Amino acid sequence: MNNDPGFDIWCGLDVGKETHHACALDAAGRKVFNKPLPQDQSKLEGVFSMLAERGRVLVIVDQPNTIGALPIAVARSMGIQVAYLPGLAMRRAADLYPGSAKTDARDAFIIADAARTMPHTLRRVDLGEDALAELKVLVGFDEDLAAEATRLANRIRGLLTQIHPALERVVGPRLATKQGLAVIEQLGGPQGISAVSRAKLLRIVSHANPRHAQDFVDAISHALSEQTVVVAGTTAAEQVLPKLAAALRQTLQQRSELAAQVEKVVDAHPLAKVLISMPGVGVRTAARILLDVGDASLFPTAGHLAAYAGLSPVTHRSGTSIRGEYPARSGNKHLKRALFLSAFAALRSDPASRAYYDRKRAQGKKHNAALICLSRRRVDVLFAMLRNQEPYRTPNPTPQPLAA
């Protein structure tokens with residue numbers, strides 16, 4: 001954010017859950033306001049109006065989302081410009097000021113003075129941030145639902161493994177499908193399934209999804225025939241399993257409905273077409289990239305982006321005794337997971353990704369290690385796409401040397 005000589009007052013806000021601390025400085029660096037400020041619209045409007053009487057005001061926050069969202073909204077509604085001082089810039093600026101105490105008043109002063117004297121450290125809080133804020137809420141909820149779906153599926157599979165391992169081997173892998181959920185939700189466990197006729201079981205499966213219904217019913221019948229003893233806890237499991245399956249079905253349905261909302265927000269972003277053009281990048285992955293990477297302008301090189309995502313190997317070296325590179329344990333775990341799953345999905349849709357993966361496997365790398373290598377390679381491509389704002393282009397095949 002460039003310096004604007006038109007500002008007369010710089011108001012730094014060290015935001016808090018219930019109370020912010022506001023420190024306003026004039027052009028000479030004198031404090032014109034330095035008090036706690038409640039997280040309340042009318043109180044914020046009162047202070048901003050008082051400061052606006054002294055001239056043009058710039059409001060600076062250290063968090064543009066969550067607890068910092070209300071001051072930004074209030075300032076905008078009053079026609080006051082807002083800016084954001086990133087945490088790293090804030091910590092570096094704090095080293096330039098005397099004292100080491102960590103207080104809200106000191107932090108608010110540093111925010112205001114850094115904005116006044118070092119405007120290059122600021123970021124604009126553009127109106128586009130509104131869409132990203134909405135996307136953050138939706139993606140956060142989707143991640144909660146995904147974790148809940150995993151928990152419920154694991155619970156169902158755990159109970160089936162306890163009372164009838166053979167049935168779990170057949171139904172467990174299909175819990176994310178309508179067929180598997182329908183069987184457990186309507187019939188329960190092995191006793192409930194055995195109590196109905198084969199024709200009724202086929203109707204239940206076919207109604208959920210007719211594709212390969214007969215094969216699924218055959219597999220269930222064969223699994224039930226492998227165990228005749230009743231394990232302790234089966235009766236209670238028969239009562240719990242339908243409830244767990246119903247909860248899982250509802251959770252998966254919520255994720256499906258939420259995906260449509262996420263898609264609308266992502267589609268409205270100017271970088272959406274660029275991201276979706278890359279093989280293996282779907283709506284959820286694109287949303288995660290937009291939230292954590294944006295247009296990649298904050299990363300000097302693709303290597304910096306890879307390090308941020310935790311995809312760059314860490315070198316361990318100490319004399320002659322310890323040498324080697326190991327997977328990074330740091331980085332943005334959500335972004336790393338999204339890029340990893342995206343690389344896995346690209347194996348089926350992108351010949352170039354598949355060829356690179358196969359080369360790494362031929363070099364002796366295991367599946368996950370080869371996928372991490374592929375993810376790292378795709379970061380280079382993603383970085384170039386975002387920087388140039390160009391869609392993915394299939395690489396030209398490398399010409400093979402002619403035989404002598």
Inset, instruction - With the checklist (1) part of a loop (DSSP other than H, G, I, E, B); (2) touching a helix residue (DSSP H, G or I) at 6+ places or on another chain (Cβ under 9 Å); (3) farther than 18 Å from P86 by Cβ in hand, flag the one item Q63 doesn't pass. - result: (3)
Inset, instruction - Check off (1) on the phi > 0 side of the Ramachandran plot; (2) modelled with pLDDT of 90 or more for G99 and give me the number that stays unchecked. - result: (2)
Legend entry - Q186 vs. criteria part of a helix (DSSP H, G or I), out of contact with any Phe, Trp or Tyr (no Cβ under 8 Å at 6 or more places or on another chain) and buried (at least 18 other Cβ atoms within 10 Å of the Cβ): yes
Inset, instruction - Looking for whichever is over 22 Å from P38 (Cβ atoms) and either surrounded by fewer than 20 Cβ atoms within 10 Å (Cβ to Cβ) or without any contact (Cβ under 8 Å) to a residue 24 or more places away in the chain (or both) here; the options are R76, R91, R106, R116. Which one fits? - result: R91
Inset, instruction - Would you check which residues across the range 18-34 are part of a strand (DSSP E or B) and under 23 Å from G79 (Cβ atoms) and list them? - result: H20, A22, C23, A24, L25, V32, F33
Inset, instruction - With respect to G99, determine if the residue is closer than 17 Å to I9 by Cα, assigned to a loop (DSSP other than H, G, I, E, B) and more than 32 Å from the chain's Cα centre (by Cα). - result: no
Inset, instruction - List the number of the failed condition for G280; all other conditions in (1) in the same structural domain as V379 (by TED's automatic domain parsing); (2) within 20 Å of A149 (Cβ to Cβ); (3) among the small types (G, A, S) hold. - result: (2)
Inset, instruction - Please indicate, with yes or no, whether at least one residue in the range 309-323 is touching a strand residue (DSSP E or B) at 6+ places or on another chain (Cβ under 7 Å), under 24 Å from E143 (Cβ atoms) and modelled with pLDDT under 95. - result: no
Inset, instruction - Please indicate, with yes or no, whether at least one residue in the range 227-245 is among the aliphatic types (A, V, I, L, M), modelled with pLDDT of 95 or more and closer than 30 Å to V281 by Cα. - result: yes
Inset, instruction - May I ask you to list the residues in the range 44-55 that are without any contact (Cβ under 8 Å) to a residue 40 or more places away in the chain and within 12 Å of L13 (Cβ to Cβ)? - result: L44, V47, F48
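The values are calculated or read from the model by the stated rules, or taken from the named source; none is laboratory data. Nothing here was measured: the structure is a model prediction, and the numbers come from that model. Glycine gets a Cβ as well: all are built from the backbone with ideal geometry, and neighbour counts include every protein chain shown.
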